[in-house]
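First comes the structure, then the notes that go with it.
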Amino acid sequence: MSEFTLKGSLALVTGGGSGIGLAIAQAFVNAGARVVIAGRREAVLQAAVAQLGENAFYKVCDLSVLEGLGAFVENIEQEFGAVDILVNNAGINLKKPALEVTDAEFQNILQVNLQAVFALSREVANRMAPRGKGNILLISSMASQYGIPKVVAYTAAKSGVEGITKALAVEWSPLGIRINCIAPGFIETEMSAKALNNDPERKNRVLSRTPMQHLGKPEDVGLAAVFLSSRAAKYITGVVLPVDGGNAIGF
Ligand code: NAD
C-alpha cells in the first residue's frame, strides 16, 4: 500500500550503527527511503552502511557536543538534501544503585539521552519548518512507564523524552512537523544484554510480566518507526507508542 512507503524520503537516524538504530535504518531502506546513520564509531558505521546497501550513508558525530549539531545538520542537507525524517535513537544507559550515582554520571546520561535529543530536533525542525513538513521520532523506554531499579538517570532522561514529545508536538504540528515517540520494551540488543544477561532474576521478571513471553527484536521497533514516519500515520502526532509485547500493561 502506497501510504506505507517511504520512497523519496531522506531519514537521519542517530545511533544507526547498531542495535535498534540499525534495525530502524534497515526498515527505512526496505521501505524505500535513503538513510544517513550517525554515531561516534566510524568502523561500526562503515560496516552498517555496507550491510544496508547503496541507499545508506554515514556521518561521524558525537551528539553530546551540542555546539556542533547545527553545522552537522547543515552538512547533511548540503550533501544529501532535505531531511524529511529524524529518528533520535542514540542513547546510553547506566545501571547503578541510585545511592551511588554521582552528579557527573547523572548529567552525562541527561546530556546524551535528553539534551542532545532536544538540540538536534530543534536544528532539524528549524529547517523543516520553512518547508512545512517533517517527521521526528523520539525513543523512550519502559523506564518511563513504571519504576525500574538502578536506572535513575536513564529514567529521568526517558521521562523527559516523553514529556518533550508532547511539548514539541503542540508547537511544531501546526508547522507541518509530526513528533512521535516509541517506547520499546525489552529488545534484544547489546544495551539490554548488558542489563539482563548477568542478572537472571531481572530477566525472569521482565519475561514474567511480558504477555507475549519473549524479548522483542530490533526489527519490531524498525517496523513501528516506518509506520509512524509514513503517510499512513498522517493524523498521528504527540503519541508514545509502546512496542513491548505488552510489557507496560503486564501484571
Ligand atoms: P545500542 O547501545 O546498541 O545503541 C545505541 C547507539 O547510540 C550506539 O550506536 C551508540 O554508538 C550510539 N550513541 C551513544 N552515545 C552517542 C553519542 N554521544 N553520539 C552519537 N551516538 C551515540 O542500544 P539500543 O538498545 O539499540 O538502544 C537504542 C535506543 O533504544 C536507545 O535510546 C535506548 O535507550 C532505547 N531503548 C532500548 C531498549 C532495549 O531493550 N534495547 C529498550 C528501551 C529503549
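Based on this model, can you work out whether residue 226 counts as assigned to a helix (DSSP H, G or I), at negative phi and open to solvent by 60 Å² or more (accessible area, probe 1.4 Å)? Step through it out loud before you land on a result.
Working: assigned to a helix (DSSP H, G or I): yes; at negative phi: yes; open to solvent by 60 Å² or more (accessible area, probe 1.4 Å): no.
Judged against the criteria, residue 226 is not a match.
Before we move on, is residue 150 open to solvent by 40 Å² or more (accessible area, probe 1.4 Å) and within 12 Å of the ligand (Cβ to nearest atom)? Break it down stepwise before answering.
Values: open to solvent by 40 Å² or more (accessible area, probe 1.4 Å): yes; within 12 Å of the ligand (Cβ to nearest atom): no.
Criteria not met by residue 150.
Give the range 23-53 a look and list any residue that's open to solvent by less than 30 Å² (accessible area, probe 1.4 Å), assigned to a helix (DSSP H, G or I) and within 23 Å of residue 232 (Cβ to Cβ), or say none.
Scanning the range 23-53 gives 23, 24, 25, 27, 28, 29, 52.
Out of the residues in the range 100-121 that are in contact (Cβ under 8 Å) with a residue 24 or more places away in the chain and among the small types (Gly, Ala, Ser), which is nearest to the ligand (Cβ to nearest atom)?
116
Taking the range 129-145, which residues are of a type in the set (A, V, I, L, M) and either touching a Phe, Trp or Tyr at 6+ places or on another chain (Cβ under 8 Å) or on the phi > 0 side of the Ramachandran plot (or both)?
Of everything in the range 129-145, those that are of a type in the set (A, V, I, L, M) and either touching a Phe, Trp or Tyr at 6+ places or on another chain (Cβ under 8 Å) or on the phi > 0 side of the Ramachandran plot (or both) turn out to be 129, 136, 142, 143.
May I ask you to list the residues in the range 98-126 that are open to solvent by 10 Å² or more (accessible area, probe 1.4 Å), in contact with a Gly (Cβ under 8 Å, 6 or more places away or on another chain) and not hydrophobic (A, V, I, L, M, F, W, C)?
The answer is 123, and nothing else.
Answer yes or no as to whether residue 175 is within 16 Å of the ligand (Cβ to nearest atom) and without any contact (Cβ under 8 Å) to a residue 60 or more places away in the chain.
No, not satisfied.
Taking the stated definitions as given, is residue 230 at pLDDT below 95 and in contact with a Phe, Trp or Tyr (Cβ under 7 Å, 6 or more places away or on another chain)?
no
The values are calculated or read from the model by the stated rules, or taken from the named source; none is laboratory data. Treat the numbers as computed from the prediction; the structure is a model and nothing was measured. Heads up, the Cβs are rebuilt from the backbone with ideal geometry, glycines too, and the neighbour counts pull from every protein chain shown. The area values use the complete protein model at the heavy-atom level, side chains included, leaving out ligands, DNA and RNA. Shrake-Rupley method; radii C 1.70, N 1.55, O 1.52, S 1.80 Å.
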